[in-house]
Amino acid sequence: DLYDDLTGMRLVKSMHLEEARLRRFDLRVAKLRVGQIEHVGAVAAATGAGRAVAAVAAAAGVAIAVGGLEMPVAEAVVLALAFGRLMMVVLGVQEAWRNVVYALPAYEAALGLLRRCREQAEPAEHGRDLPALHDQIEIDDVGFGHGPDRGTALEAVSAVIPARSLTVICGPSGAGKSTLADIVLGLLAPDHGRVLIDGRELDRGRRRAWRRRVGYVPQDSFLFHDTIRANLRVGAEEADEDAMWAALADAAVDGFVRSLPDGLDTVVGDRGGRLSGGERQRIALARALVRRPELLVLDEPTSALDAESERQVLDALARLRGRVTMIVVTHRPAVLFAADRVISLQAGRLVTAL
């Protein structure tokens, strides 16, 4: 809750929700405090009861040894002390076992998570016959479902994406646009059907290698709280300054970066908060371009931008036309009009591919 409130502080303050969210936070803290007090109380009660039983047993042992067995008092006391030391060890073992039992559910959950991660881990990429894009990407009868509770996201989708073209994937919300883009990117594996890169199937062993050849610009143009230089090198660690300026020029943002007092060494702030939406989006585009990708995928790149910022992003895409294969997931008319090819989806089904 605290993380959500800090992340959504603008919404909380704009809707005057400070007191309501504070009450919710106090309630959660109070419940947590009650649970902790109950746990500490239970542990303390068990420990105290154990020590009380040990003391009673030691006293009873001394009484029996002296009165019933006619053991000298000194020897009986020594025996009681030894018994007390033994009981302390037993209580320590009991406390350790209680801690183990308390931690077992979390440990088992962590082991289950690791097991599922290993089962779903991608294999090492093939060292030969890697996919390279020269002619086209073919989507052949692709189907995908997010799970039994969420239904089918894509069903029997077939289309061709020519190389070095601008292809737009459009459709209403929930039509499967981003899912199809993720499959072409190699982030998701189709439940049935296949994706072919110049006739070679993008199978399980090739996806990691294929992702080395693609660039991706998400709808939320996330930037790290670091310099522009460091954000660009996320896309390509080996990129030199010339490569970074070339990528910035292709993204139509080099002039803005040159105007900054610190240039490439300007810190962009938390999630790029010191920049405008259009500036963040174009720097995110440059970060993808510095990789020199064969395929560039942009997910709703202008949905949150004003008209001028949208024009600047479209100008950047126009500079790339014919040089790199581009897939743009969008419903914005300005992007649709600039497309070479349009793939339209409705409820996970292909409507048109023109």
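Farthest toward the positive end of the dipole of the range 123-256, out of PHE222, PHE256, ALA156, is the Cα of ALA156, where the dipole comes from beta carbon charges about the Cα centre. The heavy atoms of TYR107 present about 130 square angstrom of accessible area, all protein chains included, probe 1.4 Å.
By the scheme Lys and Arg +1, Asp and Glu -1, what is the net charge of all other residues having a beta-carbon under 13 Å from that of ALA49? Once positives and negatives cancel, what remains is +1.
Placing pseudo-labels 7 Å out from each Cα toward the beta carbon at GLU95 and GLU238 gives an inter-label distance of 5.7 nm. First check a/c for the range 301-343, with a ≥ b ≥ c the square roots of the eigenvalues of its C-alpha gyration tensor; if it is under 1.5, answer rounded, and if not, answer prolate when a/b is larger than b/c or oblate otherwise. Judged from the Cα gyration tensor, the range 301-343 comes out oblate (a/c at least 1.5, b/c at or above a/b). Our helix-only sum for the chain, with -39,500 (n - 2.57) per DSSP H run of n ≥ 4 divided by its residues, gives a mean residue ellipticity at 222 nm of -16500 deg cm²/dmol.
A 1.4 Å probe run over the protein chains yields, for the chain, 57 Å² of accessible area per residue, whole-number rounding.
If the viscosity is 0.890 mPa s and the temperature 25 °C, what Stokes-Einstein diffusion coefficient in µm²/s follows for the range 130-211 when Rh is the Kirkwood radius over Cα pairs? In µm²/s, the coefficient rounds to 188. Summing Lys and Arg as +1 and Asp and Glu as -1 over all other residues whose Cβ lies under 9 Å from the Cβ of ARG321 gives a net charge of +2. Of all DSSP bridge pairs formed entirely within the chain, close to 55 percent run antiparallel. Applying the criteria of a DSSP loop state and at most 16 other Cβ atoms within 10 Å to the GluC sites (Glu not before Pro) of the range 167-273 yields GLU237, GLU238. Answer rounded, prolate or oblate for the range 229-313, using the Cα gyration tensor with square roots of eigenvalues a ≥ b ≥ c: rounded when a/c is under 1.5, else prolate when a/b is larger than b/c, else oblate. Oblate. The C-alpha atoms of the chain occupy a region whose extents along the principal axes are 105, 48, 41 Å, arranged from largest to smallest.
Note: relative contact order over the chain, using C-alpha pairs below 8 Å and six or more positions apart, is 19 percent.
Given axes a ≥ b ≥ c from the Cα gyration tensor, I'd like to know whether the range 215-274 is rounded (a/c under 1.5), prolate (a/b larger than b/c) or oblate. Rounded is the answer for the range 215-274, as its axis ratio a/c remains below 1.5. Scanning the chain for DSSP H helices at least 27 Å long along the axis (C-alpha atoms) with a Kyte-Doolittle mean no lower than -0.5 picks out 18-63, 73-120.
Summing charges over neighbours of GLY199, with a neighbour being any other residue whose Cβ is under 9 Å away from its Cβ, gives -3 when K and R count +1 and D and E count -1. Across the range 165-222 the C-alpha pair distances fall into 10 Å bins from zero in the proportions 19, 51, 28, 2 percent. Dimensions of the range 203-354 from C-alpha coordinates, computed as largest minus smallest value along each principal axis and given longest first, are 49, 41, 28 Å. Here the chain has 57 percent of its accessible surface on carbon and sulfur atoms, given a 1.4 Å probe and all protein chains in place. Taking every DSSP bridge with both residues inside the range 295-354, close to 45 percent are antiparallel.
The values are calculated or read from the model by the stated rules, or taken from the named source; none is laboratory data. The structure presented is a predicted model; accordingly, all values stated were derived computationally and were not measured. We place every Cβ from the backbone using ideal geometry, glycine too, and count neighbours over all the protein chains shown. Each accessible area value is taken on the protein alone, full model and side chains, heavy atoms only, with ligands, DNA and RNA left out. Shrake-Rupley method; radii C 1.70, N 1.55, O 1.52, S 1.80 Å.
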